[in-house]
1. Assuming B:N28 fulfils every condition listed in (1) at the interface with another protein chain (Cβ under 7 Å from one of its Cβ atoms); (2) in a strand (DSSP E or B); (3) surrounded by fewer than 19 Cβ atoms within 10 Å (Cβ to Cβ) apart from one, which condition is it?
2. Taking the stretch A:35-60 on its own, how many of its residues are surrounded by fewer than 19 Cβ atoms within 10 Å (Cβ to Cβ), of a type in the set (A, V, I, L, M), at the interface with chain B (Cβ under 10 Å from one of its Cβ atoms) and in contact (Cβ under 8 Å) with a residue 24 or more places away in the chain?
3. Which of the following residues is part of a helix (DSSP H, G or I), aliphatic (A, V, I, L, M), within 12 Å of chain A (Cβ to nearest Cβ) and within 23 Å of the chain's Cα centre (by Cα): B:I115, B:I79?
4. Give, as residue ranges, the strands (runs of 3 or more DSSP E) completely inside the stretch A:32-150 that count at least 2 residues that are under 25 Å from B:E66 (Cα atoms) and aliphatic (A, V, I, L, M).
5. Kindly indicate whether any position in the stretch B:89-101 is touching a helix residue (DSSP H, G or I) at 6+ places or on another chain (Cβ under 9 Å) and within 14 Å of chain A (Cβ to nearest Cβ).
6. Restricting attention to the stretch A:116-139, and to residues there that are at the interface with chain B (Cβ under 7 Å from one of its Cβ atoms) and closer than 25 Å to B:S164 by Cβ, which single residue is surrounded by the most Cβ atoms within 10 Å (Cβ to Cβ)?
7. Quick check: is even one residue across the stretch B:142-163 without any contact (Cβ under 8 Å) to a residue 40 or more places away in the chain and at positive phi?
8. Exactly one condition in (1) more than 14 Å from chain A (Cβ to nearest Cβ); (2) within 15 Å of B:N186 (Cα to Cα); (3) loosely packed, with under 15 Cβ neighbours inside 10 Å is not met by B:I106; state its number.
Amino acid sequence: MALILWLAALLLVATPSAPGAAGAAPIAQVKTVMGKVVIQRSGQRLPANIGDPLFEKDVIETGPDGGIGITFIDNTVFSTGPNSQLALDEFQFDSNNFRGSLLADMRQGSLAVVAGDITRSSPGAMKIKTPTAVLGVRGTTFAVQVYGDH
Amino acid sequence: MPRPLIAFACTILLAGCPRQALFVVLPNEEGGAGAITVDDGKTVTTLDQPYAAAESRAGSSGPVEESRGNIGVIFHRAIAAQPLLPRHFRLYFILGSNELTPESVIAYRGVFDDIKKRPVYEIAVIGHTDTLGDLRTNQALSLARSAAIRDRLVRDGIASGAISIAGRGKRDLIVSTADQIAEPLNRCVVITVR
């Protein structure tokens, strides 16, 4: 019995932990990938693949030839061009009442956004932080370019 | 020139400093535009027309003219990476039944054509009701309708793991009406493929 428990414990430790925080639900899915794209998650650097789930706090990094398109669970669509760094700082969304918040940190590069349901019920629910200004979004399509290294 | 002096010169001659960021409203699918606000901590710039733009120089932000051609070049790669936008399919039921109307049967088949265009997809099924009855009953009814559609999608070969369901009850009417109004157009399930 003790051996079984010990083995079970070993198995638990050895099993690679699920992506994101324990039990966290995905907030978005990777839909397109061009060139080199890395997802930083809990100190790990993972290559991005079409179909991968994304979690709150993930940081997306595209290489000089890179690009990525993601769709959030509220139908917001983000896409970035090369040499970009984008942190998905905060995302909460309740699909029953459409309430939630999205805060992304655009540190460098280019980002195109088609705002989804999250901006429908609460104005100010979506914010994009950049090194020089904060963008408030009232349901629209827009783009941001952040120049240079920050 | 020492740094503070450069910064000082920049604040006087903003246009002479390198651009730090560019913010642009793009036309949406319907050709219109919503709005974004650009807040640099001192001033807030509101952009609410297609191709309206703001920029940051030396930490300050304000409106700027940028040609469509330049905008196209600057964001070419980001826009090229954009996935197919989510698409919505509205399904209506024959009154008092779980049977779809003939038009809705066609819309339902459209879901299967749409997913073929996507390298990967997720499906969200959201139920709506009319305003007859109380909030709680309608919430349950809208969720039951979306569950019924999910089961049908699964029977027709969609992986259940790719489907999420929700109910909006009578809080998000397709056609706005007063309370306690029977309205067939509000007894609806919206399938979103993304």
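1. So the condition that B:N28 fails would be (2).
2. Total satisfying the criteria: 0.
3. On the way: B:I115 fails: within 12 Å of chain A (Cβ to nearest Cβ).
Checking each option against the conditions leaves just B:I79.
4. Result: A:100-114, A:126-129, A:134-138, A:141-146.
5. For the stretch B:89-101, residues touching a helix residue (DSSP H, G or I) at 6+ places or on another chain (Cβ under 9 Å) and within 14 Å of chain A (Cβ to nearest Cβ): present.
6. Checked the stretch A:116-139; the qualifying residue surrounded by the most Cβ atoms within 10 Å (Cβ to Cβ) is A:V137.
7. Within the stretch B:142-163, one or more residues are without any contact (Cβ under 8 Å) to a residue 40 or more places away in the chain and at positive phi.
8. Answer for B:I106: the failing condition is (2).
Each value in this text was obtained by applying a stated rule to the coordinates, not by laboratory testing. Since the structure is predicted, the reported quantities are computational estimates derived from the model, not experimental observations. In this analysis, Cβ positions are derived from the backbone assuming ideal geometry, glycine residues included, and neighbour counts consider all displayed protein chains.
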